[in-house]
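First comes the structure, then the notes that go with it.
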Amino acid sequence: MNQKVKNLIQKLGEAIHESVSESEDIAGVVKNIREQGFDVLLMLEATIGLNEVENDPEDSAETIDDQPEGPFTSNDLSFLKSLRISISQDETPEQDTSPS
């Protein structure tokens, strides 16, 4: 990842932090909690995921044809792969065949 993208991600994190810290809604709720006798520690975690966009139309056509049919998008498959979960095209969900 190049330095420009890293800087943009850092700016995004700063913008999220600023939005939360300047939110009147959040400040109001925190104030109400403090009035009830509690101190508030607010910790948020943001996960930022990036997928590089390929602009070559020939590659795009190939990836569409290579994707398995089913309920998963290419982003779903990438996410599952990042968790080291593979989906076999031969697998089908088991159906309950027992009588009702």
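The values are calculated or read from the model by the stated rules, or taken from the named source; none is laboratory data. Everything quoted here is computed from the prediction, not taken from an experiment. Cβ placement follows ideal geometry from the backbone for every residue including glycine, while neighbour counts extend to all protein chains displayed.
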Inset, instruction - May I ask you to list the residues in region 29-58 that are loosely packed, with under 10 Cβ neighbours inside 10 Å and part of a helix (DSSP H, G or I)? - result: Glu35, Pro57, Glu58
Inset, instruction - Looking only at region 47-55, decide whether some residue is aliphatic (A, V, I, L, M) and at pLDDT 90 or above. - result: no
